[in-house]
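Everything on this sheet refers to the single structure shown next.
The values are calculated or read from the model by the stated rules, or taken from the named source; none is laboratory data. In this text the structure is predicted, and so the values were computed from the model without any measurement. Here the Cβ is made from the backbone with ideal geometry for all residues, glycine too, and neighbour counts use every protein chain on show.
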Amino acid sequence: MLRRAVLQTFRQGLAQSFFKRNAVSLSETTVTHQPIETSDEADEKSVSKQKPGDESGNTVVVAPPEFRFMYPEFLPDPAMERRNRLKEKLERIDMLQRRSVVEIPEFYTGSVMAVTVADANSPNKFARFVGICIQRGGSGLRAWFILRNVVDKQGVEILYEMYCPLIQKIEVLRLERRLDESLLYLRDALPEYSTFPLDMEPERRLNNSVVPINPLKVKLRPRPWLERWERQNLQGVEDLNLPQRFYDKAEKVAKPWEKYDLMLQYRKTIPAEEQEKIFADVHSQLQQQEFKRKIRRRRGTD
Amino acid sequence: MSTLGLLRTLFNSKIVTPNAIQLQSLNRSPFLVGLFFNHEQVRTMSRVKRRTTHPPYWHVLKNNQRQDEKISSDNLRFVREVIQDKYKNKSPIKGSDLDIEKKEWDPKTKRSGVIARNIGVQHMWEKDGKKVVCTVLHVLDNHVIRYVPPEEYAKSIIGAKVFRNRKPLGCLVVGAEAANPDRFTRQYCSLFNEVGLLPKKRLARFIVTPNAVLPPCTPLTAGHFVVGQAVDVYGKTIDYGFQGVVKRWGFKGGPASHGATKFHRRGGTIGTGRDKARVWPGQKMPGHMGSERRFCRGLKIVRINMKYNVIYVKGTVPGPTNSIVQIFDTLLPRRKFTEAPPHPTYFPPEDGTLPQEDIWDSNMHVFGSPSISV
């Protein structure tokens, strides 16, 4: 069992720095409404901010900026050649329809989750798998995530499509983030870092508003590795202790100018104005669904 | 005996004179191909021009040269009002002077097709949990422009070729995507003067039997098709530009290492040196790839959204996203209609009731319904 490091909770705003890769041009441009990082707002995480008003004098409801990280699959693929507003709108409608049936909770890479899937070949027709989310991707109905666990000393990874109707239930047992966006290095890490008990109970969070970042540094097995981890600027990995020539080669091969390339970031992301529109559209529906679920839970029918 | 001589004696059932060379009726069984075929390449289409960048000579000039006209905003508004007044869209369904005769449907009827835009690909699931890749086709604002009766169409250039040895059929000209008349030439706009419609960006011809004729100005929508039917989609494939032999023809190229000097993605030999002693026409070489008109036949419609005029078709269609395609009822004999479809096209019910917004195929899992339990 992993020894629990001290969990530090950061303010939501600082979390943006960890998502620099995805949102560097956006964090500067989204200054349309007040940021949520103030101390009194910390309790209401999913409160909808109201814009000071447009021309007609009515307040416009805008989704909180964390939606970009909570529901990244609502944003379409940024490649301009394949974008079509009508198709994205129809896909979002379908996604919300599916979400009204199954609760797809907020989760991040590094969260421990349990997924129940309908399986014809298993004894009681349902298969439940518990694992840590090491990667998530895809947009729209193609959104997927990979869960990893070590079962009987064998590492197992399963890719689940979030909107597949065979999925009966998605539970988040431990909601937290890690220092990296992709935890693929767990494949080369010591097995204890990927092992989670299959009968793990959901953990209750102390502070409900902020998602904690686990600053765990993982120990890797000795080489050979599946990838050249020294070239990937991993934060969540302990010192690799490699000979200097590896680091020299990594420096030679590195592209340090990419962080200054504004056009590259622009092409990889959806513009802030569009994001606002999309999430404003989606926000009200998600809130309604959440409300209905709370009522059902209180009544005890869930 | 030459290769061709051998081929002639083995494959041709008729007695052929030595001068006649028959390449069309060749048996391509694997055993014989390995033995007698040096080049397994189709040569009959090698001299046909596959693509042009200009339209046919009988088309009128379409697009206007964009001139930087310095008009004041008031005058611009006035021009727009004039255009709107001139092109008030007529709908024959709501009591106009055009009459639609409801003729009977029979299995040999050819209905009109529809112009649509391929807006992307979406994943859907069947009732047993199997994932299906569906193409989303957005039926644009189609209107029938004119009908050319069979006798007249058979006299035209294309009609004469198509109906050389068979009974002629009529031709419906359908237009889609209304646009500002400013961007088109006067000759192009005159094509739409009879109907009184705003000029359309795209035009297409659909071969129809006389009993499926539609009067001009009839709108065609997604309801023209039925969920579960098979359609053929006709479009222009993705333009890859000038491509090498590995991507274009699937050649294996050469070894990546082991001392190979400058031979990684090349074609290699292009002839024997003995037989014919020249490069055969149709030899596969680098060249322009893509941007060709192709059919995808027998695609099944799994879902129709009447509100947004969108059809979901199982499989993929030729062409990139946001390109225009033509959809029509399939000609595959086993997947044709057995019952009458909306004939000659779909008309909304006269009592004003709205149709069902989202129609799904019985095999598909509807997103709002409970999860599948196997």
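Take the residues in segment A:258-302 that are assigned to a loop (DSSP other than H, G, I, E, B) and polar (S, T, N, Q), then tell me which one is farthest from A:Ile104 (Cα to Cα).
Out of the qualifying residues, it is A:Thr269.
For segment A:144-181, which positions are within 14 Å of chain B (Cβ to nearest Cβ), of a type in the set (A, V, I, L, M), closer than 16 Å to A:Arg99 by Cβ and assigned to a strand (DSSP E or B)?
Residues satisfying the conditions are A:Ile167, A:Ile170.
Condition (residue is part of a helix (DSSP H, G or I), out of contact with any Cys (no Cβ under 7 Å at 6 or more places or on another chain) and either of a type in the set (D, E, K, R) or within 27 Å of A:Ile170 (Cβ to Cβ) (or both)) applied to segment A:216-226: is it met by at least one residue?
No, every residue in segment A:216-226 fails to be part of a helix (DSSP H, G or I), out of contact with any Cys (no Cβ under 7 Å at 6 or more places or on another chain) and either of a type in the set (D, E, K, R) or within 27 Å of A:Ile170 (Cβ to Cβ) (or both).
If the requirement is being in contact with a Leu (Cβ under 8 Å, 6 or more places away or on another chain) and of a type in the set (Lys, Arg), which of these qualifies: A:Arg221, A:Arg296?
The conditions single out A:Arg221.
Can you tell which of B:Val114, B:Val139 is more than 13 Å from every other protein chain (Cβ to nearest Cβ), at pLDDT 95 or above and within 16 Å of the chain's Cα centre (by Cα)?
B:Val114
Here are some conditions: (1) more than 30 Å from A:Leu75 (Cβ to Cβ); (2) among the charged types (D, E, K, R); (3) buried (at least 19 other Cβ atoms within 10 Å of the Cβ). A:Asp152 meets all but one. Which one does it not meet?
Only one criterion in (1) more than 30 Å from A:Leu75 (Cβ to Cβ); (2) among the charged types (D, E, K, R); (3) buried (at least 19 other Cβ atoms within 10 Å of the Cβ) is unmet by A:Asp152, namely (3).
Looking at (1) among the small types (Gly, Ala, Ser); (2) at pLDDT 65 or above; (3) surrounded by fewer than 10 Cβ atoms within 10 Å (Cβ to Cβ), which one does B:Ser25 not meet, given that it meets all the others?
Going through (1) among the small types (Gly, Ala, Ser); (2) at pLDDT 65 or above; (3) surrounded by fewer than 10 Cβ atoms within 10 Å (Cβ to Cβ) one by one, B:Ser25 breaks only (2).
Scanning for something in contact (Cβ under 8 Å) with a residue 60 or more places away in the chain, within 30 Å of A:Val101 (Cβ to Cβ) and of a type in the set (A, V, I, L, M), does segment B:326-337 turn up at least one residue?
No, that holds for no residue.
Can you find, within segment B:144-160, the residue that is farthest from B:Val173 (Cα to Cα) among those that are of a type outside the set (D, E, K, R) and part of a strand (DSSP E or B)?
Selected residue: B:Val148.
Which residue pairs have Cβ atoms under 8 Å apart, sit 6 or more places apart or on different chains, and have a first residue in segment A:68-84 that is more than 9 Å from chain B (Cβ to nearest Cβ) and a second that is assigned to a helix (DSSP H, G or I) and aromatic (Phe, Trp, Tyr)?
Correct list of pairs: A:Arg68/A:Phe279; A:Phe69/A:Phe19; A:Tyr71/A:Phe279; A:Phe74/A:Phe67; A:Phe74/A:Phe279.
Looking at (1) on the phi > 0 side of the Ramachandran plot; (2) in contact with a Pro (Cβ under 8 Å, 6 or more places away or on another chain), can you tell me which one B:Leu198 breaks?
(1)
Which numbered condition trips up A:Glu81, out of (1) within 26 Å of A:Lys268 (Cβ to Cβ); (2) of a type outside the set (A, V, I, L, M, F, W, C); (3) part of a loop (DSSP other than H, G, I, E, B); (4) at pLDDT 90 or above?
Among (1) within 26 Å of A:Lys268 (Cβ to Cβ); (2) of a type outside the set (A, V, I, L, M, F, W, C); (3) part of a loop (DSSP other than H, G, I, E, B); (4) at pLDDT 90 or above, the lone unmet condition for A:Glu81 is (3).
Is there a residue being in a loop (DSSP other than H, G, I, E, B), surrounded by fewer than 14 Cβ atoms within 10 Å (Cβ to Cβ) and small (Gly, Ala, Ser) anywhere in segment B:335-342?
Looking through segment B:335-342, at least one residue is in a loop (DSSP other than H, G, I, E, B), surrounded by fewer than 14 Cβ atoms within 10 Å (Cβ to Cβ) and small (Gly, Ala, Ser).
Kindly indicate whether B:Asn309 is of a type outside the set (D, E, K, R), touching a strand residue (DSSP E or B) at 6+ places or on another chain (Cβ under 6 Å), under 27 Å from B:Tyr147 (Cβ atoms) and crowded, with 17+ Cβ neighbours inside 10 Å.
Spelling it out, B:Asn309 is indeed of a type outside the set (D, E, K, R), touching a strand residue (DSSP E or B) at 6+ places or on another chain (Cβ under 6 Å), under 27 Å from B:Tyr147 (Cβ atoms) and crowded, with 17+ Cβ neighbours inside 10 Å.
Can you list residue pairs whose Cβ atoms sit under 8 Å apart, with the first residue in segment B:353-374 being away from chain A (no Cβ under 14 Å) and part of a loop (DSSP other than H, G, I, E, B) and the second being of a type outside the set (Lys, Arg) and loosely packed, with under 13 Cβ neighbours inside 10 Å? Count only pairs 6 or more apart in sequence or on different chains.
So the pair list comes out as B:Pro355/B:Pro349.
Identify the single condition in (1) more than 30 Å from B:Met306 (Cβ to Cβ); (2) touching a Cys at 6+ places or on another chain (Cβ under 6 Å) that B:Gly244 does not satisfy, given that it satisfies every other one.
So B:Gly244 meets the others, but not (2).
Scanning for something at pLDDT 95 or above and among the hydroxyl-bearing types (Ser, Thr, Tyr), does segment A:118-125 turn up at least one residue?
Checking segment A:118-125: not a single residue is at pLDDT 95 or above and among the hydroxyl-bearing types (Ser, Thr, Tyr).
Could you look through segment B:232-260, keep only residues that are within 29 Å of the chain's Cα centre (by Cα) and either part of a helix (DSSP H, G or I) or of a type in the set (D, E, K, R) (or both), and pick out the one that is surrounded by the fewest Cβ atoms within 10 Å (Cβ to Cβ)?
B:Lys247
Got a number for residues in segment B:103-141 being in a loop (DSSP other than H, G, I, E, B) and touching a residue at least 24 places away in the same chain (Cβ under 8 Å)?
16
Six or more apart or on different chains, Cβ under 6 Å: which pairs go from a residue in segment A:280-302 that's under 19 Å from A:Phe67 (Cβ atoms) to one that's β-branched (Val, Ile, Thr) and surrounded by 10 or more Cβ atoms within 10 Å (Cβ to Cβ)? Could you list them?
Pairs that qualify, where the first residue is under 19 Å from A:Phe67 (Cβ atoms) and the partner is β-branched (Val, Ile, Thr) and surrounded by 10 or more Cβ atoms within 10 Å (Cβ to Cβ), are A:Ala280/A:Val62.
Got a sec? Which of A:Glu290, A:Glu203 is closer than 28 Å to A:Glu171 by Cβ and touching a strand residue (DSSP E or B) at 6+ places or on another chain (Cβ under 6 Å)?
When all the criteria are applied, what remains is A:Glu203.
Select from segment A:85-96 the residues that are acidic (Asp, Glu) and facing chain B (nearest Cβ under 7 Å) and list them in ascending order.
The answer is A:Glu91, A:Asp94.
Of everything in segment A:97-143 that's in a loop (DSSP other than H, G, I, E, B) and closer than 20 Å to A:Gly155 by Cβ, which residue is farthest from the other protein chains (Cβ to nearest Cβ)?
Across segment A:97-143, the extreme among qualifying residues is A:Gly110.
Restricting the search to segment A:182-195, which residues are out of contact with any Leu (no Cβ under 9 Å at 6 or more places or on another chain), within 16 Å of A:Ile146 (Cα to Cα) and assigned to a helix (DSSP H, G or I)?
A:Leu186
Tell me which residues, restricted to segment B:302-324, are assigned to a strand (DSSP E or B) and within 14 Å of chain A (Cβ to nearest Cβ).
Within segment B:302-324, B:Val302, B:Arg303, B:Ile304, B:Asn305, B:Val310, B:Ile311, B:Tyr312, B:Val313, B:Ser323, B:Ile324 qualify.
Can you run down the residue pairs with Cβ atoms below 6 Å, 6 or more apart or on separate chains, where the first is in segment B:269-285 and in a loop (DSSP other than H, G, I, E, B) and the partner is aromatic (Phe, Trp, Tyr) and at pLDDT 80 or above?
Listed by first residue and then by second, the contacts come to B:Lys284/B:Trp249.
Find the residue count for segment A:197-209, including only residues that are farther than 16 Å from A:Thr116 by Cβ and touching a residue at least 12 places away in the same chain (Cβ under 8 Å).
So the count comes out to 6.
Only one of B:Leu203, B:Leu197 is in a loop (DSSP other than H, G, I, E, B) and touching a strand residue (DSSP E or B) at 6+ places or on another chain (Cβ under 9 Å). Can you tell me which?
That would be B:Leu197, the only listed residue that is in a loop (DSSP other than H, G, I, E, B) and touching a strand residue (DSSP E or B) at 6+ places or on another chain (Cβ under 9 Å).
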